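First up is the structure itself, then whatever we jot down about it.
The values are calculated or read from the model by the stated rules, or taken from the named source; none is laboratory data. Small disclaimer: the values here were computed from a predicted structure and weren't measured. Here the Cβ positions follow ideal geometry from the backbone for every residue, glycine too, while neighbour counts run over all protein chains shown. We work out accessible area using only protein heavy atoms, side chains counted, and drop any ligands, DNA or RNA first. Shrake-Rupley method; radii C 1.70, N 1.55, O 1.52, S 1.80 Å.
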Amino acid sequence: MTDLPDIRLPADLMPSDGRFGSGPSKVLAPSLVSLAETGASLMGTSHRQPVVRAVVAQVQDGIRALLGLPDDYEVVMGNGGATAFWDAAAFGLIERRSQHVTIGEFSSKFATVAAGAPHLDAPEIIAAEYGHAAYLRGDESIDAYATIHNETSTGVKLPITRPDGSGIVMVDATSAAGAVAIDHAEYDVYYFSPQKAFGSDGGLWLAICSPRAIARIESIAGSDRWIPPFLDIKTAVDNSRKNQTYNTPAIATMYLLARQIEMMLLKGGLGWAIKRAETSSSLLYTWAEQSDVAAPFVADPDLRSTTTVTIDLVAAVDADTVEGVLRANGLVDTFGYRKLGRNQLRVACFPNVEPDDIESLTAAIEYIAARL
Ligand SMILES: *Cc1c(COP(=O)(O)O)cnc(C)c1O
């Protein structure tokens with residue numbers, strides 16, 4: 001890359017916090033202080049003992065309260081993040097043939113896992129061009145459907161509806177859960193990692209499972225399929241019921257997640273979080289629509305993400321340069337998803353991000369663009 005122009009943002013354009021990344025995302029300072037204050041009582045103690053299991057239970061109960069889960073849905077956890085969950089799902093949730101909506105990098109990655117699994121039939125792929133939507137189609141040859149609530153790479157948010165057909169419905173909610181409304185009747189598995197909308201750290205997956213999902217997990221676990229123990233969802237279910245994970249979790253991640261959920265519940269719950277994301281994202285889209293240098297990447301307003309906003313810049317304003325100048329000024333991680341290959345910025349509007357800081361960011365981008 002060429003040398004960055006030396007552009008210093010005036011003080012009145014500086015946000016209160018310069019973290020705009022789509023994951024890992026902004027972690028709240030009070031959560032980190034709270035973690036430090038646990039001193040010798042938590043970190044460095046056994047994950048099988050009551051102190052740590054209480055934190056796991058806080059996360060499970062907190063997710064249940066925040067999302068308003070039906071009583072018979074379970075909050076299952078394991079190590080490795082959403083990426084590990086795809087592998088686990090290929091072993092423990094897909095019986096024979098899956099169908100995948102692929103609208104970006106993340107949804108495509110799960111499809112690739114299923115396509116490569118030697119014990120499964122070739123999956124059915126329903127693809128859309130990046131920036132657009134695709135939808136599940138009911139089909140009796142399909143026993144597991146895979147879609148995505150928010151495609152982080154493109155900034156497309158999909159409505160989640162159960163297709164006709166008896167297959168279970170698995171939803172990648174990694175960058176939506178905790179900031180977007182969801183109807184629990186429309187899925188069987190709603191899975192995510194905690195370093196996006198939940199503003200914690202990575203390394204963990206959480207999967208909300210309906211009774212139908214649990215039945216599927218148990219039926220496959222009882223079959224003669226070989227499942228690597230680390231990826232065995234039945235083992236994860238058994239451990240989650242005891243408020244623990246199969247192997248050692250990142251306890252700091254778990255603790256930060258518990259504090260984050262507690263904060264969200266105090267602020268007003270999921271409704272509050274949804275509103276924050278909507279406020280921030282609409283500030284960005286409205287600005288981009290009116291700006292001479294920017295435009296929303298996703299053409300259909302109904303599909304525009306409220307959590308990961310993708311903004312194209314005009315060719316004369318190089319996105320990498322803008323990103324670099326923003327970073328030099330302490331406004332970080334506004335880069336677009338590299339593999340999209342567009343002149344684009346991407347801005348997280350997760351609940352931890354202040355709408356006022358989004359306004360500062362748009363003003364900062366205009367300021368920089370005018371000086372390039
Ligand atoms: C970030 C992300 C993932 C991957 O999460 P990891 O925790 O890094 O495995 C998967 N799906 C979506 C939609 C994501 O945004």
If N is the residue count of the chain, its Cα Rg over 2.2 N^0.38 Å rounds to 1.00
Specify which residue in the list 352, 202, 20 is farthest towards the positive end of the charge dipole of the chain, using unit charges on the beta carbon of Lys, Arg (+1) and Asp, Glu (-1), about the Cα centre. 202
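Could you give the size of the charge dipole of the range 289-372 about its Cα centre, using +1 on the Cβ of each K and R and -1 on the Cβ of each D and E, expressed in debye and rounded to the nearest 20? If you can, show how the numbers build up before the last one.
Working: 7 positive and 14 negative charges, 83 e Å.
Dipole magnitude for the range 289-372 comes out near 400 debye.
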Net charge dipole size for the range 142-276 [Lys, Arg +1 and Asp, Glu -1 on Cβ; Debye, nearest 20]: 460
Distance from the Cα centre of the range 272-330 to that of the range 150-195, in angstrom? 23
Put 132, 100, 47 in order of accessible area, largest first, probe 1.4 Å, and you get 132, 47, 100
Between residue 215 and residue 54, what's the calculated FRET efficiency when r is the beta-carbon distance and R0 is 51 Å? Round to 0.05. 0.95
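Rounded, prolate or oblate: which fits the range 155-246 when a ≥ b ≥ c are the square roots of the eigenvalues of the alpha-carbon gyration tensor, with rounded for a/c under 1.5 and prolate only if a/b beats b/c? Before the final figure, lay out each step's value.
Details: a/c = 2.22, a/b = 1.22, b/c = 1.82.
In terms of gyration-tensor shape, oblate.
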Determine the shape class of the range 31-100: with a ≥ b ≥ c the square roots of the Cα gyration tensor eigenvalues, call it rounded for a/c under 1.5, and otherwise prolate if a/b is greater than b/c, oblate otherwise. prolate
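Work out the length of the dipole vector of the chain about its Cα centre, built from +1 on the beta-carbon of each Lys and Arg and -1 on the beta-carbon of each Asp and Glu, and round it to the nearest 20 debye.
Here the size comes out at about 860 debye.
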Output the relative contact order of the chain, whole-number percent, from Cα pairs under 8 angstrom with separation of 6+ residues. 25
Between helix 50-67 and the chain, what is the angle of the helix's C-alpha long axis to the longest principal axis, kept within 0 to 90° and rounded to the nearest 10? 70
Which one, 57, 81, 154, projects farthest toward the positive side of the charge dipole computed for the range 29-265 from Cβ point charges (K/R +1, D/E -1)? 57
For residue 48, the accessible surface traced by a 1.4 Å probe with all protein chains present amounts, in square angstrom to the nearest 10, to 80
Which distance in nm do the two modelled labels at residue 61 and residue 105 give, with both placed 7 Å along the Cα-to-Cβ direction? 3.8
Tell me which of 174, 307, 328 sits at the most positive position along the dipole axis of the chain, charges placed on C-beta atoms (Lys, Arg +1; Asp, Glu -1). 174
How many Å² of accessible area per residue for the range 107-166, probe 1.4 Å? 42
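Give me the orientation-averaged projected area of the Cα convex hull of the range 67-201, in nm², one decimal. Could the numbers behind the result be given before it?
Values: hull surface 30.9 nm².
Averaged projected area of the range 67-201's Cα convex hull equals 7.7 nm².
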Row for the range 316-359, column shape: gyration tensor on C-alpha, a ≥ b ≥ c, rounded if a/c < 1.5 i.e. under 1.5, prolate if a/b over b/c, else oblate; value oblate
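Starting from the residue with the highest accessible area, list 334, 286, 321 in decreasing order, probe 1.4 Å.
Numbers: 334 0, 286 65, 321 20 Å².
Output order, biggest surface exposure first: 286, 321, 334.
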Any idea how far apart residue 141 and residue 289 come out in nm if each label point goes 7 Å out from Cα toward Cβ? 4.3
Relative to the first principal axis of the alpha-carbon coordinates of the chain, what is the inclination of helix 355-369, with its axis defined by its Cα atoms, in degrees from 0 to 90 and to the nearest 10? 50
Rounded to the nearest percent, how much of the accessible area of the chain (1.4 Å probe, protein heavy atoms only) is carbon and sulfur? 52
Proximal aspartates and glutamates to residue 109, defined as alpha-carbon separation beneath 13 angstrom and excluding residues fewer than eight positions away on the same chain: 87, 151, 172
When the helices in the chain are scored as -39500 (n - 2.57) per DSSP H run of 4 or longer and the sum is shared across all residues, what 222 nm value do you end up with, to the nearest 500 deg cm²/dmol? -11500 deg cm²/dmol
Using a 7 Å offset from the Cα along the Cα-to-Cβ direction at both residue 354 and residue 186, what is the distance between the two label points in nm, to one decimal? 3.3
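So if we plug the beta-carbon distance of residue 314 and residue 4 into 1/(1 + (r/R0)^6) with R0 = 25 Å, what FRET efficiency do we get, rounded to 0.05?
On the way: r = 19 Å, r/R0 = 0.76.
After rounding to 0.05, the efficiency reads 0.85.
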Å² of accessible area per residue within the range 177-264, as computed with a 1.4 Å probe and no ligands counted: 33
Using Cα positions and a limit of under 21 Å, work out the lysines in reach of residue 267, with same-chain residues fewer than 8 apart set aside. 26, 196, 275
List the lysines whose Cα lies under 17 Å from the Cα of residue 242, skipping any in the same chain that are fewer than 8 positions away. 234
Helix 105-116 sits at what angle to the longest principal axis of the chain, using alpha carbons and giving 0 to 90 degrees rounded to 10? 30
